[in-house]
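K.L.:
One structure coming up, written as structure tokens, with questions to follow.
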Amino acid sequence: MIAQSTHLSLLAWAAAVSETKLTTRQNIGYYGAFFALGLIIASIGPALPYLARQTGSELREISYVFVARSLGFIIGSMIAGRIYDSVKGHPLLIGGILALAGLSGAIPAIPWLWALVLLFFGLGLCGSTVSVGGSMLLVWANRGRLGSLLGGLHFIWGVGAFLSPIIVIRLIKLSDGIDLPFIILSLLALPICYWLLRLPSPQAWQKSHHELEGHGDGRAITSLAVMIWFFLFLYTGTEASIGNWIFTYAIRTNLGDATSAAYLNSAFWGMLTLGRLAAIPLVSRVRPRTILLVDLSGALLSALLILVFSDSPIALWIGICGVGLALASVFPTTFLFAERRMPLSGKLTGILYAGSSSGSMILPWAVGQFFDSVGPVILLWISIGGLVAEFGIFALMMLYPRRSRKLPEEMPEVSDVMV
């Protein structure tokens, strides 16, 4: 019996090791998908002036591509989770990556603005499939052992976004056009598809349902949810405006040439990535409201530095790096702040993410509408205005006390882990 028991223990150990290896390979695939997503999404900033010339459009007109992409992301996010619940995850994720790569590679071949807008809508749909799928599959694959893996997923997206402008501008100079950059970025996504194709999809988790009791006045919760919706709207809108327009801002203000502007664009994403990495251990040691207060203060002071010293390239670099670092941890910390003050159902979380995506659609579009008529400074005014408004909303959010009772643990919904 001792020999039989030892044999069973060895079999259990071998099964556990095999499962761990499989999970690790799956995690690598999901990280690779997010890396490709960051590469493709952040490639638009340096290419924006070239796309305007390619379609014979003004900057205020080409900015409609941001609206289309964000609208596609909003719609795609609302339906992608339900699809992942009913089909195997890896084929759908691979399809999203392939479609994202194919549409990205087709960007240089589109000579009409209306067609480019439709293409970017498709990019948003495919991007949401990769974003929701990569996040959800990571949770399902690790089943209670998630730890900091989800934070790392955000980090690796930032790595791709950081490298993308550098790759794009280098390849533009090498080929004297934007065809090669988008083709190369599309091809980089293919090995990830091959990697995932060889792995089984993790089994979907079934959600458990709990009765939520004792969480105070429903109207108060609704008011807090509305404020957080607008807070995320302004935050994501400010981040997207700077990330997509700072390249063009630097060139139009003569504070840099195409190469230095691309590096500046990468610096913003790089500091955003570094800040996200640093925030992973920070959120467990510092209260969310303290982090948010420091983040908003740092972003506002950095933006004001650029505005006050508008003729200084040094101030521009310091300010952009400061804004990127300060904004990095706002998004996850806001959700932690909200969770401590109200019950975050999957439905409510999805609504909050819709607010975030709406901000990334509307504010960059608004910058584009006035970039030529008002001047590049409109980017700073909209960003500073958004940060000041966030301060006001944050002050009102602070009036809501922490919940006295914790929610029972339940499986996270798709919207709880979206990017």
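The values are calculated or read from the model by the stated rules, or taken from the named source; none is laboratory data. Remember, predicted model here, so these are calculated numbers, not experimental data. We place every Cβ from the backbone using ideal geometry, glycine too, and count neighbours over all the protein chains shown.
K.L.:
For the range 92-108, how many residues meet the condition of being within 18 Å of the chain's Cα centre (by Cα) and either aliphatic (A, V, I, L, M) or outside the structural domain of I62 (by TED's automatic domain parsing) (or both)?
P.N.:
Matching residues across the range 92-108 total 4.
K.L.:
Related question: When you scan the range 305-328, how many residues do you find that are within 19 Å of the chain's Cα centre (by Cα) and either part of a helix (DSSP H, G or I) or among the charged types (D, E, K, R) (or both)?
P.N.:
Looking only at that region, the number is 8.
K.L.:
From the list L180, L199, which one is in contact (Cβ under 8 Å) with a residue 24 or more places away in the chain and not basic (K, R)?
P.N.:
L199
K.L.:
A follow-up question, please. Of the residues in the range 46-67, how many are within 24 Å of the chain's Cα centre (by Cα) and part of a loop (DSSP other than H, G, I, E, B)?
P.N.:
1
K.L.:
Out of the range 295-336, which residues are hydroxyl-bearing (S, T, Y), closer than 16 Å to V388 by Cα and buried (at least 16 other Cβ atoms within 10 Å of the Cβ)?
P.N.:
Answer for the range 295-336, where residues must be hydroxyl-bearing (S, T, Y), closer than 16 Å to V388 by Cα and buried (at least 16 other Cβ atoms within 10 Å of the Cβ): just S302.
K.L.:
May I pose another question? Would it be correct to say that G124 is small (G, A, S), modelled with pLDDT under 85, under 18 Å from L39 (Cβ atoms) and assigned by TED's automatic domain parsing to the domain that holds A36?
P.N.:
Considered against the rule, which asks whether it is small (G, A, S), modelled with pLDDT under 85, under 18 Å from L39 (Cβ atoms) and assigned by TED's automatic domain parsing to the domain that holds A36, G124 comes out as no.
K.L.:
Is it the case that L292 is more than 20 Å from V388 (Cβ to Cβ), of a type in the set (A, V, I, L, M) and assigned to a helix (DSSP H, G or I)?
P.N.:
Considered against the rule, which asks whether it is more than 20 Å from V388 (Cβ to Cβ), of a type in the set (A, V, I, L, M) and assigned to a helix (DSSP H, G or I), L292 comes out as no.
K.L.:
Here are some residues: I306, I280, I291. Which one is at pLDDT below 80, touching a helix residue (DSSP H, G or I) at 6+ places or on another chain (Cβ under 6 Å), in the same structural domain as W245 (by TED's automatic domain parsing) and farther than 26 Å from V65 by Cα?
P.N.:
Just a single option satisfies the conditions, and that option is I280.
K.L.:
Another question, then. Answer yes or no as to whether S70 is outside the structural domain of I242 (by TED's automatic domain parsing) and in a helix (DSSP H, G or I).
P.N.:
Yes, satisfied.
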